[in-house]
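The next block holds one structure in the form of structure tokens; read it before the comments.
What follows is calculated from the coordinates using simple rules that are stated; it is not laboratory data. Please read all numbers here as calculations on a predicted model, not as lab measurements. Cβ atoms come from the backbone with ideal geometry, glycine included; neighbour counts cover every protein chain shown.
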Amino acid sequence: MCGIVGAVAHRLVTPVLLEGLKRLEYRGYDSAGIAVLDSTNQLARARAKGKVRGLEEVMQTTPLNGRVGIAHTRWATHGVPSLENAHPHICRDTVAVVHNGIIENHETLRAEQKRKGHNFSSETDTEVIVHEIHDKMTDGGLDLLAAVQATVSILEGAYALGVISTEEPGRLVTARKGSPLVIGVGEREHFIASDIFALLGETQRFIFLEEGDVADMRADSITIYDEDGNKVERPISETKLAADSAEKGSYRHYMEKEIYEQPQAISNTLEGRIINEKVVDESFGPDASAAFDLVKRVQIVACGTSFHAGMVAKYWLESIANLPCDIEVASEYRYRPHIVSEGTLFVTISQSGETADTLAALKEAKNMGYAHTLAICNVPESSIVRESEWALMTRAGPEIGVASTKAFTTQLVALLLLVVALGRRNGLKAEKEAQITRQLINLPAEIEQVLELDQEIKQWAKCFGDKHHALYLGRGEQYPVAMEGALKLKEISYIHAEAYPAGELKHGPLALIDEEMPVVAVAPNNELLEKLKSNLQEVQARGGQLFVFADANAPLDAAPGVKILRVAETDEVVAPIVYTIPLQLLSYHAALIKGTDVDQPRNLAKSVTVE
Ligand code: F6R
């Protein structure tokens, strides 16, 4: 949540900061702001409520120019979205700060600073940081670097910071703990940002700061100190990602592009991981093969869409790999005691690798006696990957649309690889492994076919434009798929949607059924189809409007109040992945009809780095 960007260079940096903010906007869009040291070394600041384009408009009337600057796009935690709460925050016209994270002891610091005579202009937790740095420079006689080091040592919580001061032009100090931050290394110019995509237009070379690091940056040098103040070297990594890898191209929205990228993303996730119809154990880590022999149970922890992927994996693990699996949302898992059985593999699933609850649960789990930790993740340099013993990268490429699409389906693919690798040790026959791996290899082509349903789904979506509620039904491993479909609809079209295992309908939700409540069902041709049919009849009999995604061969017929769209015939194991696609398209088209901001739905942000 919140994106920060900064630059120190021999050229004017405002265009770099603005471009960086646009690329980071997925992290939050409640307000945006920039501060630079201008040609007279004064702090100049522009801020706007709402999106970065509002800030651009402000800057057209009051241009800002400087060779060192910081910028921020906000997802509000402390204080409403407003101009006053927009970063950068400034103290006595000398120090400016941008911050991503949460300062937990801000109330104590605020009370002390008020006693010292500081007036607060915002409700944010961040403002205490800038006053503290200011006081340590003026009263304590510290330079900017030492003042930041002294300040972060008393902060509790999470932070990624960019700090500049009129007292030391040409210097940008940055620090991180618990929130992501990268340094972009240029030619006689250096940058900071919350992720590498913000800076791909400027450099391909990055330094990933460790927890507690503070970096002293000038256009011609970078010096890094660890949490204890020791000078340290951090390696520079070069990314192969192209500058345009996070751009929309000819698509109307990132979400649309990302839905259509799924065949390629899945191929990438599979590449090199299946050889001779067998899953390659080393895909999970060099020593995973021997360790997998001893895995007796799996605990999965994740949030949101990633949690839904984990739920599907639970069905797969128990039915294909013959291994018991527990799954819990990270925000619950981290706050209760657990009984850890011997030989339990702890798996986190996270697109961003920065989700605060998932990361905290992983850190807790490392001291709880789990046999090993594995991350299924899309961002190699992320905190969750770095904290995990093993990682299986999903290789979906950057996902910018706030609603997760290709990250989810590639997570499912990665999880199925895990299920097969573990299953082989638990009685999964070689023929069955070969069958599943063939299904996986075929998957991109199958998804291409499902994407062709786009126009028909667009017609269906018209029936949702004036609705306030919808029900989603599935059975077995299609239940989490229905949950994911409902989440997509509510996130981007703001239509309230709930998912139920279809058999639960008669235990309460049936009372909701009328012609104003569309009911979406996923109905592959499996052993539960007959049961599902009875559940659907219950809906039809009560005047409900059914929208059923059914297998080409499923014995279901359209009727008054029952619309059926045939999804190409698919194999049972990969069906949850295939049936996700039409649900994504349905929510996308419903959102278009409702005219919402598809890529940046209200109140949400892509990377949830706060609790
Ligand atoms: C929904 C969505 C969220 C995320 C959740 C976890 O479309 O994207 O529910 O899945 O915030 O995020 P990650 O996977 O980054 O840990």
Taking only Cα atoms of the stretch 1-157, the Rg to Rh ratio with Kirkwood Rh works out at 0.95
Between the alpha-carbon centers of the stretch 26-76 and the stretch 330-381, tell me the distance in whole angstrom.
-> 37 Å
Could you give the spread of the C-alpha atoms of the stretch 483-544 along their three principal axes, from largest to smallest, in whole angstroms?
-> 32, 25, 17
At q = 0.09, 0.12 1/Å the base-10 log of I(q)/I(0) from the Debye formula over the alpha-carbon atoms of the chain is -0.74, -1.18
Expressed in Å to one decimal, the Kirkwood Rh of the stretch 123-261 from all distinct alpha-carbon pairs is 16.5 Å
Residue separation times 0.36 nm, minus the C-alpha to C-alpha distance between residue 459 and residue 538: what's the value?
-> 25.9 nm
Cα-based radius of gyration of the stretch 228-320 once divided by 2.2 N^0.38 Å, which approximates compact folds | 1.55
Hits among aspartates and glutamates - C-alpha to C-alpha of residue 467 under 16 Å, sequence gap 8 or more where chains match = 491, 498, 514, 515, 516
Trypsin sites (Lys or Arg not before Pro) within the stretch 428-489: DSSP coil, no more than 12 neighbouring Cβ in 10 Å = 429
Can you name the helices of the chain, as whole DSSP H runs, whose Cα span along the helix axis is 24 Å or more and whose Kyte-Doolittle mean is not below 1.6?
-> 406-423
If every Lys and Arg gets +1 and every Asp and Glu gets -1 at its Cβ, then about the Cα centre the chain yields a dipole, in debye to the nearest 20, of 640 debye
Can you pick out the pairs among 531/594; 406/462; 22/490; 531/563; 177/606 whose Cα atoms lie more than 29 Å from each other?
-> 531/594
The stretch 275-323 - Rg and Dmax from Cα coordinates, angstrom = 12.6, 35
If you keep only loop residues by DSSP, which chymotrypsin sites (Phe, Trp or Tyr not before Pro) in the stretch 304-368 have at most 15 other Cβ atoms within 10 Å of their Cβ?
-> 335
Along Cα→Cβ, 7 Å out, is where each label goes; now give me the distance between the ones at residue 293 and residue 238 in nm to one decimal.
-> 4.0 nm
Count neighbours as other Cβ atoms within 10 Å of each site's Cβ, and list the GluC sites (Glu not before Pro) in the stretch 96-181 that are DSSP loop with at most 15 such neighbours.
-> 104, 123, 156, 167
Of 230, 510, 137, farthest towards positive along the dipole that unit charges on Lys, Arg, Asp, Glu beta carbons give the chain = 510
Lys, Arg +1 and Asp, Glu -1 on Cβ, resulting dipole of the stretch 187-283 about Cα centre, debye, nearest 20 = 440 debye
To the nearest Å, what is the center-to-center distance of the stretch 115-165 and the stretch 199-222, using C-alpha atoms only?
-> 21 Å
Using Cα pairs under 8 angstrom and six or more residues apart, how large is the relative contact order of the chain, in percent?
-> 12 percent
